[in-house]
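Undergrad: For reference, the structure I am asking about is given below.
The values are calculated or read from the model by the stated rules, or taken from the named source; none is laboratory data. Only a predicted model underlies this, so the values are computations on that prediction, with no experimental measurement involved. Glycine gets a Cβ as well: all are built from the backbone with ideal geometry, and neighbour counts include every protein chain shown.
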Amino acid sequence: MELHRVTVDVIDINDNDPTCDKQSIQLKVIESSPPGALFSLPSAIDSDVGTNTIKSYVLTPNDHFKLKSRIQSDGNVYLLLEVPLDREKQEEHILLLTAVDGGNPQRSGTVEIHIIVLDANDNAPVFSHEVYKAYVQENSLIGSLVMKVSATDADKDMNGRIRYCFSHISENGNNVFEINPDSGEIKVKGHIDYENNKMYEMTVEASDHGGHVSSSKVIIEVVDVNDNVPLINLMSVSNQISEDSKPGTVIAIINVQDKDFGRNGKVNCFVGNNIPFKLEYSLNNFYSLETDGNLDREKVSAYNITIIATDEGEHPLSATRLITLVISDVNDNPPKFEQQRYSTYIMENNSPGSSFFSVRAKDEDSGVNSRISYFVQNSRVNNLSVTSFVSVNSEEGVLYAVRSFDYEQMSNFQVSVTAKDGGSPSLSSVVIIDIYIEDENDNFPEILYPIQNKGYPAAEFIPTSVSVGYLVTKVVAVDKDSKENAWLSYKLIKATDQTLFEVGLHNGEVRTARQIMEKDSKKQKITISVEDSGQPSHSSTVNINIGISENFALALSEFSDLTKNSSHDANITFYLVLSLALVSFLFLVLIIALICLKIYKWRSSKLFNEYPNGTLPVIPYYPPSYADAGTTGTLCHVYNYEVCLTADSGNSVENNDFKTIEPLPKSSMDIRASGTETKHLKSEAEEDLLQVKHI
């Protein structure tokens, strides 16, 4: 925007007629007035200027008066008495005064002059000054004295008494000033405003009772007072500006005016402090409001700019104008999370689709630029996409579990969430969330040692001479859970003799609690519970058969019966059914044998003689098989057992009374167990047969 000063001159045309304040003028002329006496006539007024204003006056022809005008000097018009008057011949004279302007075509105005001839009064009032000049301050109080005019008359009595009046004054002046007819004091009667009229000119007449009149010119100049407040005009203004506008961007064009004069009308303009704006002077009281620095909507979203204009008067006056400027947003701020990194926890075995955490980012921009969307960055966790584990609500930033987590498979992983605003171009930021899976007590303790083979109790052997605290065996167990859910405690919950053994609460060591006595059973069975510390807790049990003997072979033989009994207890339902079937079968065989006894007596006798010394064949004994604890499991170290043998143990070994225990497959163990039961039943059948023979 550029500013240029243009001066327009209005050319006058002759469109106004000369006029006079009064349509008729009355003059009183004493008959004794000498030739050459002048009588002031009111001058006409023409609003036109230049050649179009009043050029001349014309008086109707008469015998006594001529017209004398001073148009070129002071503009006053005078009536000149050439021939003395004679009231007795003619008491009144009526003349017509015509004012003609210099326009083309000419315009004119007339006024009637009514002359009254008075009786002789040979002295006229005389003013002390031909021209009076005074100064008055604008806004002077009504009734204030401006000046006093004075005239004297040499006559006495009534002919010497003078009265004052305004004979020629403009309408504005007549409304502002008044004159005391007796004293000649001119006072203020209306509001004086320098800006409306800087000077007043008027004519004061002094007349006596004899009809003599004299006049004097009065000039009153108005002194300017600083009574006008500067005026601020907004020529062009913007109410909104972008925050990325460069310094020097024009916001408004301002014009400042003051109606006062001189220093009272000189105005200085400026803006408030601590704002990034300035005023630059251009020309003729025009200013441009510009930015004076970088703007940031996030710090200040709007400015109330106060423009102050102050004049240079003795008592300065000022004016203010407020401009509200809104800073429009630019997408210059990325979303910000409250933290650079988050940590959260989720319980394992959670429900898929459940929410477990939320993130929140803030954007200092506004509108679309502050609308944030959340996304999970694609990454790999255990060779799977992270989106198969976690999803996020794009609007709220709430994280949801896509699947159910298992602490034993994965204890923690990371997710990167991106917050992206809606600006163009958009800005984004990333936050890392460490997700820790909290363990839940969902695993039972797993017993690693002693090894349980298809439910059969483990076997341990101790000599009878062991001391108190002797380590019988150690139960080793693990729990896949963590922390307190994996803290295991060992308890002896069942035993053949509760006082004989004790179990370490935290290490699972089975030790003797007292000395072994003769009355103690050589076959002991204990049940140990392994319990974790979770809520609710889980537990597992292990059964251990303990053989007490100094003879390892004898202990092994006795221990086989204990093992069978333990196996029988473990499968009580199956063996009860099987036993009932076998007993029924044997009972049937016994009945048949009794019926056929006499028929087959000779055959029974022959069968008895086939064996020497009348003895029955020896049925070989097959001890039960035990699993080798050294081949499997996770024992931290191997336990060695001392075997106490008698002096003839070597022969016993040669006679196959002592047999080593070797690990067998499950199928073989099942077959042997079945074979042992079959042989046991066969032995019972042979005993029944011997009883029959004896009978």
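Undergrad: Inspect segment 250-257 for any residue being out of contact with any strand residue (DSSP E or B) (no Cβ under 6 Å at 6 or more places or on another chain) and either within 29 Å of ARG371 (Cα to Cα) or not charged (D, E, K, R) (or both) and give the result as yes or no.
TA: Within segment 250-257, none of the residues are out of contact with any strand residue (DSSP E or B) (no Cβ under 6 Å at 6 or more places or on another chain) and either within 29 Å of ARG371 (Cα to Cα) or not charged (D, E, K, R) (or both).
Undergrad: Against the conditions (1) surrounded by 19 or more Cβ atoms within 10 Å (Cβ to Cβ); (2) in contact (Cβ under 8 Å) with a residue 60 or more places away in the chain, where does SER428 fall short? Just the number, please.
TA: (1)
Undergrad: Being surrounded by fewer than 18 Cβ atoms within 10 Å (Cβ to Cβ), in contact (Cβ under 8 Å) with a residue 40 or more places away in the chain and among the hydroxyl-bearing types (Ser, Thr, Tyr): is that true of THR152 here?
TA: no
Undergrad: To continue, here is another question. Can you name the residue in segment 2-21 that is surrounded by 11 or more Cβ atoms within 10 Å (Cβ to Cβ) and in a loop (DSSP other than H, G, I, E, B) and, of all such residues, is nearest to the chain's Cα centre (by Cα)? Show your work before the answer.
TA: Filtering segment 2-21 down to residues surrounded by 11 or more Cβ atoms within 10 Å (Cβ to Cβ) leaves 3, 12, 14, 16-21.
Keeping just the survivors that are in a loop (DSSP other than H, G, I, E, B) gives 3, 12, 14, 16-18, 20-21.
Details: LEU3: 45, ASP12: 68, ASN14: 74, ASN16: 73, ASP17: 77, PRO18: 78, CYS20: 79, ASP21: 77 Å.
Taking the candidates together, the pick is LEU3.
Undergrad: Which residues, counting only those in segment 300-348, are out of contact with any Asp or Glu (no Cβ under 9 Å at 6 or more places or on another chain), under 30 Å from SER373 (Cα atoms) and not hydrophobic (A, V, I, L, M, F, W, C)?
TA: GLU338, GLN339, GLN340
Undergrad: State all residues of segment 397-429 that are assigned to a loop (DSSP other than H, G, I, E, B) and in contact with a strand residue (DSSP E or B) (Cβ under 7 Å, 6 or more places away or on another chain); if no residue qualifies, say none.
TA: The answer is GLY397, VAL402, PHE405, TYR407, MET410, SER411, SER426, LEU427.
Undergrad: Of everything in segment 119-149, what is crowded, with 17+ Cβ neighbours inside 10 Å and within 16 Å of GLU185 (Cβ to Cβ)? Give them in sequence order.
TA: Across segment 119-149, the qualifying residues are PHE127, TYR132, VAL136, SER140, VAL146, MET147, VAL149.
Undergrad: Only one of ILE186, ILE116, ILE179 is of a type in the set (A, V, I, L, M), surrounded by fewer than 17 Cβ atoms within 10 Å (Cβ to Cβ) and out of contact with any helix residue (DSSP H, G or I) (no Cβ under 6 Å at 6 or more places or on another chain). Can you tell me which?
TA: Testing whether each residue is of a type in the set (A, V, I, L, M), surrounded by fewer than 17 Cβ atoms within 10 Å (Cβ to Cβ) and out of contact with any helix residue (DSSP H, G or I) (no Cβ under 6 Å at 6 or more places or on another chain) leaves just ILE116.
Residue-by-condition table, conditions (1) in contact with a strand residue (DSSP E or B) (Cβ under 7 Å, 6 or more places away or on another chain); (2) modelled with pLDDT of 85 or more:
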{"residue": "SER47", "(1), (2)": "no, no"}
{"residue": "THR53", "(1), (2)": "yes, no"}
{"residue": "SER56", "(1), (2)": "yes, no"}
{"residue": "THR60", "(1), (2)": "yes, yes"}
{"residue": "LEU67", "(1), (2)": "yes, no"}
{"residue": "ARG70", "(1), (2)": "no, no"}
{"residue": "GLY75", "(1), (2)": "no, no"}
{"residue": "ARG87", "(1), (2)": "yes, no"}
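Undergrad: Test of understanding: among SER56, SER32, SER43, which residue is in contact (Cβ under 8 Å) with a residue 24 or more places away in the chain, closer than 21 Å to GLY211 by Cβ and small (Gly, Ala, Ser)?
TA: The unique qualifying residue is SER32.
Undergrad: So in segment 362-381, with the set limited to residues that are outside any helix (DSSP H, G or I) and among the polar types (S, T, N, Q), which one is nearest to ASP244 (Cα to Cα)?
TA: Among them, the one singled out is SER366.
Undergrad: Restricting to strands (runs of 3 or more DSSP E) lying wholly in segment 192-287: which have 3 or more residues that are buried (at least 17 other Cβ atoms within 10 Å of the Cβ) and in contact with a helix residue (DSSP H, G or I) (Cβ under 8 Å, 6 or more places away or on another chain)?
TA: 199-208
Undergrad: Out of the residues in segment 459-493 meeting the condition of being among the basic types (Lys, Arg) and not in a helix (DSSP H, G or I), tell me which one is nearest to VAL503 (Cα to Cα).
TA: Keep residues of segment 459-493 that are among the basic types (Lys, Arg), which gives 474, 480, 483, 491.
Filter again for not in a helix (DSSP H, G or I), leaving 474, 480, 491.
Working: LYS474: 9, LYS480: 23, LYS491: 6 Å.
Checked segment 459-493; the qualifying residue nearest to VAL503 (Cα to Cα) is LYS491.
Undergrad: When residues of segment 416-438 are filtered for being small (Gly, Ala, Ser), out of contact with any Lys or Arg (no Cβ under 6 Å at 6 or more places or on another chain) and within 16 Å of VAL359 (Cβ to Cβ), how many remain?
TA: Going through segment 416-438 one residue at a time, the tally reaches 3.
Undergrad: Let me ask something else. Just for strands (runs of 3 or more DSSP E) wholly inside segment 104-167: which have at least 3 residues that are in the same structural domain as ASN14 (by TED's automatic domain parsing) and of a type outside the set (A, V, I, L, M, F, W, C)? Working first, answer last.
TA: Working: elements: 108-118, 131-137, 145-148.
Where strands (runs of 3 or more DSSP E) fall fully within segment 104-167 and carry at least 3 residues being in the same structural domain as ASN14 (by TED's automatic domain parsing) and of a type outside the set (A, V, I, L, M, F, W, C), they are 108-118.
Undergrad: Please go through segment 169-184 and give me each residue that is part of a loop (DSSP other than H, G, I, E, B) and not acidic (Asp, Glu), ordered by number.
TA: SER170, ASN180, PRO181, SER183, GLY184
Undergrad: Now for a separate question. Among the residues of segment 490-503, which ones are of a type outside the set (A, V, I, L, M, F, W, C) and within 14 Å of VAL542 (Cβ to Cβ)?
TA: TYR490, LYS491, LYS494
Undergrad: Could you look through segment 288-312, keep only residues that are part of a strand (DSSP E or B) and among the acidic types (Asp, Glu), and pick out the one that is nearest to ASP258 (Cα to Cα)? Can you show your working first?
TA: Pass one, segment 288-312, residues part of a strand (DSSP E or B): 288-291, 302-311.
Still in the running and among the acidic types (Asp, Glu): 290, 311.
On the way: GLU290: 23, ASP311: 8 Å.
Looking at residues that are part of a strand (DSSP E or B) and among the acidic types (Asp, Glu), I get ASP311.
Undergrad: Which of (1) in contact with a Ser or Thr (Cβ under 8 Å, 6 or more places away or on another chain); (2) closer than 30 Å to GLN414 by Cβ does ARG341 not meet, given it meets every other one?
TA: (1)
Results for (1) within 30 Å of ASN239 (Cβ to Cβ); (2) modelled with pLDDT under 90; (3) assigned by TED's automatic domain parsing to the domain that holds LEU399, shown as yes or no for each residue.
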{"position": "HIS315", "(1), (2), (3)": "no, yes, no"}
{"position": "ALA319", "(1), (2), (3)": "yes, no, no"}
{"position": "ILE323", "(1), (2), (3)": "yes, no, no"}
{"position": "SER343", "(1), (2), (3)": "no, no, yes"}
{"position": "ASN350", "(1), (2), (3)": "no, yes, yes"}
{"position": "ASP365", "(1), (2), (3)": "yes, yes, yes"}
{"position": "ASN369", "(1), (2), (3)": "yes, yes, yes"}
{"position": "SER373", "(1), (2), (3)": "no, no, yes"}
{"position": "LEU384", "(1), (2), (3)": "no, yes, yes"}
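Undergrad: Here is a further query. Tally the residues that are surrounded by 18 or more Cβ atoms within 10 Å (Cβ to Cβ) and among the charged types (D, E, K, R), restricting the search to segment 519-545.
TA: 4
Undergrad: What pairs come up if the first residue lies in segment 237-254 and is touching a residue at least 60 places away in the same chain (Cβ under 8 Å), the second is of a type in the set (Asp, Glu) and in a loop (DSSP other than H, G, I, E, B), and their beta carbons are under 8 Å apart, counting only those six or more places apart or on different chains?
TA: Partner pairs satisfying both residue conditions: GLU243/ASP296; GLU243/ASP329; GLU243/ASP332; ASP244/ASP332.
Undergrad: Does VAL77 qualify as being β-branched (Val, Ile, Thr), crowded, with 17+ Cβ neighbours inside 10 Å and within 29 Å of VAL149 (Cβ to Cβ)?
TA: Yes, satisfied.
Undergrad: Among the numbered criteria (1) in the same structural domain as ILE307 (by TED's automatic domain parsing); (2) in contact with a strand residue (DSSP E or B) (Cβ under 8 Å, 6 or more places away or on another chain), which single criterion is violated by ASP244?
TA: Unmet condition: (2).
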